[in-house]
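Structure first, commentary second.
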Amino acid sequence: MKYLHLIWRNVFRKKTRTVLTMSSIVLVLVLIVTLVSLLAAMEQDPSGGKGANRLVVQHATGLANFLPLSQRQRIEQIPGVVAVSPEMWFGGVYKDERPENWIGQLSADPDIYFDKIFDDAKIDPKVNAEWKSTRNGFVAGKSLVDRFHWKPGDHITLRGTYIPITLDLVYVGQYTSGDESNIFFSNEVLNQATWRGANKVTGLYYLKVARGEDVSRVAATIDRMFENSDAPTKTLTEKQFQLQFLEMMGNVKFLIRGISLIILFSVTLIVANTVAMSARERVTEIAVMRTLGYRRSHILSFILSESVVMALLGGLFGVALARWVFIPMIKAVGSKTSLSGFLINFKVSPATLLMAFTVSVGVGILAGFVPAIRSSQIRIVDGLRKVV
């Protein structure tokens, strides 16, 4: 610690060069922290583990194909199943197609949805009762209500896209949960409309299982039950269902890691160049320090410490910028798009903080290692000769 003042002064010996080098580290750390936090958020369960007993049944070939409503009764008869709700993604246009007007639109069974399946969500009993009694009523997540300022009794119009109908829905009330980017309306709205799948098909089934240990058995039973039918199924846990959307984007994790390694290698070269330039400019000074009694180990530790301090300062600023500027900005913009459901847990976790600081120190050590060794090996005579 007694040499900290000397190390600090040498770091900022050339202020412009140091600031520019630190800026490159800041940009790299902002990018890495943001990407890693985004990936972690997309992989986390929005329900916080409360949906461990929920299963999603979809068509084996993917969400593009429908399931017959006749399957519901057979699934309900499986031991361990508490409740089953058909669910259809409507995907209509609200107001216009601008991203800020995007909302998730799902049909469900009001009689059981918040009572038995999504019982971890919070909804006023009066609102829930009114939703059950209002055929074209809908409930919305609190974040959507705050964004669009809906009041009970307000009508909204959804223009269908792949389901060629237009819905006129009445706002009943709000619910609060991990994911508040959706509205829910009754399946009967679609079943009583005029389109080819009315009262025949559904997009998927959401169901609740009584005990966690029964989840695997129930999932296997459902898939086995329909494996030879015209509509074979693929039953997933709620978390697996959410992760498949991430998998649709390809190997995102590999891509993020690859990008991170490339930019880390680049910034390490930048820092190494800065440290090497600083050491070359101080050859005579290092020789004088050796003459005054400083050992080779002192010189090595000084140069290496300067590199680590520079990288660590850049890392601190980078993490601060990512945590309090970039991530809140991305969440604010993303909350108004279809990505809102994936951004619920978008934040800098303690593990990401530790990773960022480890990366900073690692860059400092790798970048300063060679210049530090070379500086410590300078012969006193050679160093003093540079004066002339």
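Tell me the label-point distance for the pair Ile78, Thr221, using the 7 Å Cα-to-Cβ offset, in nm and rounded to one decimal.
Going by the 7 Å Cα→Cβ label model, 0.7 nm.
Please report, largest first and rounded to whole Å, the three semi-axes of the ellipsoid equivalent to the chain, where each semi-axis is the square root of five times an eigenvalue of the C-alpha gyration tensor.
On the way: eigenvalues 737, 95, 55 Å².
They are 61, 22, 17 Å, listed largest first.
Enumerate the helices in the chain for which the Kyte-Doolittle hydropathy averages -0.5 or more and the C-alpha atoms extend at least 15 Å along the helix's axis, using complete DSSP H runs.
Numbers: long enough: 15-43 (41 Å, 1.76); 215-226 (17 Å, 0.60); 252-280 (42 Å, 1.61); 296-321 (38 Å, 1.53); 350-376 (37 Å, 1.45).
Membrane-span-like by this rule: 15-43, 215-226, 252-280, 296-321, 350-376.
Give me the compactness ratio for the range 130-206, meaning the Cα radius of gyration over 2.2 N^0.38 Å. The partial results should precede the final answer.
Numbers: Rg = 13.0 Å, N = 77, 2.2 N^0.38 = 11.5 Å.
After normalising by residue count via 2.2 N^0.38 Å, the value is 1.13.
So what is the 222 nm mean residue ellipticity for the chain from helices alone, if each DSSP H run of at least 4 adds -39500 (n - 2.57) and you divide by all residues, rounding to the nearest 500 deg cm²/dmol?
Values: 14 runs with 191 residues, N = 388.
About -16000 deg cm²/dmol.
Return the carbon/sulfur percentage of the accessible area of the chain, one whole number, probe 1.4 Å, all protein chains in place. Mind showing how you got there, number by number?
Working: 11960 of 19800 Å².
Carbon with sulfur: 60 percent of the solvent-accessible area.
Rg/Rh for the range 219-333: what does it come to with C-alpha atoms and Rh from Kirkwood?
Values: Rg = 26.9 Å, Rh = 20.0 Å.
That ratio equals 1.35.
Keeping every protein chain in place, order Met329, Met355 by accessible area at 1.4 Å, biggest value first, i.e. largest first. Kindly include the intermediate steps, with their values, before the conclusion.
On the way: Met329 100, Met355 55 Å².
Correct descending sequence by accessible area is Met329, Met355.
For the range 252-388, what is the accessible area per residue in Å² when the probe is 1.4 Å?
Values: 7480 Å² over 137 residues.
For the range 252-388, the solvent-accessible area averages 55 Å² per residue.
Spin-label point model (7 Å from Cα, Cβ direction): what's the Ser260 to Ser349 distance in nm?
1.1
Would you mind checking which residues have amide H under 5 Å from Gly137's amide H? H placed 1.01 Å from N; only 5 or more apart, or other chain.
Val170, Ser186
List the chymotrypsin sites (Phe, Trp or Tyr not before Pro) within the range 95-162 that fall in a DSSP loop (any state other than H, G, I, E or B) and whose Cβ has at most 12 other Cβ atoms within 10 Å. Please report the intermediate quantities before stating the final value.
Details: sites: Trp102, Tyr113, Phe114, Phe118, Trp131, Phe138, Phe148, Trp150, Tyr162; in loops: Trp102, Phe118, Trp150, Tyr162.
Those that pass, being in a loop and sparsely packed, are Tyr162.
Just need the relative contact order of the range 62-214 here, percent rounded to a whole number, with Cα pairs under 8 Å and 6+ apart. Please list the in-between numbers first.
Numbers: 291 pairs, mean separation 55.1, N = 153.
So the answer I get is 36 percent.
The range 94-166: which GluC sites (Glu not before Pro) are DSSP loop and have at most 10 other beta-carbon atoms within 10 angstrom? Could you put the intermediate results ahead of the total?
Details: sites: Glu97, Glu100, Glu130; in loops: Glu97.
Sites meeting the loop and neighbour criteria: Glu97.
Check which residues have an amide H placed less than 5 Å from Ile165's amide H, if you skip close sequence neighbours.
Gly160
Determine ³J(HN,Hα), in whole Hz, for all residues of the range 160-174 in sequence, where each value follows from phi through the Karplus function 6.51 cos²θ - 1.76 cosθ + 1.60 and θ = phi - 60°; x replaces Gly and Pro.
Once rounded to whole Hz, the list reads x, 10, 7, 9, x, 9, 10, 9, 10, 10, 10, 6, 9, x, 10.
Using the structure shown, list the pairs from Lys132/Lys331; Lys151/Lys200; Lys116/Lys234 with a Cα-Cα distance above 30 Å, or answer none. Before the final figure, lay out the partial values.
Details: Lys132/Lys331 33 Å; Lys151/Lys200 33 Å; Lys116/Lys234 22 Å.
From Lys132/Lys331; Lys151/Lys200; Lys116/Lys234, over 30 Å: Lys132/Lys331; Lys151/Lys200.
Of the candidates Val283, Val145, Val218, which one comes out as most mobile in a Gaussian network treatment of the chain with C-alpha springs shorter than 10 Å?
Comparing Val283, Val145, Val218 in a Gaussian network model of the chain, the most mobile one is Val283.
Over the chain, what is the relative contact order in percent, taking alpha-carbon pairs closer than 8 angstrom and at least six residues apart? Spell out each step's value before the answer.
Values: 629 pairs, mean separation 108.7, N = 388.
Averaging sequence separation for qualifying contacts and normalising by length gives 28 percent for the chain.
The values are calculated or read from the model by the stated rules, or taken from the named source; none is laboratory data. Please read all numbers here as calculations on a predicted model, not as lab measurements. Using ideal geometry, Cβ is built from the backbone for each residue, glycine included, and neighbour counts are taken over all protein chains shown. Only protein heavy atoms, including side chains, enter the accessible area calculation; ligands, DNA and RNA are left aside. Shrake-Rupley method; radii C 1.70, N 1.55, O 1.52, S 1.80 Å.
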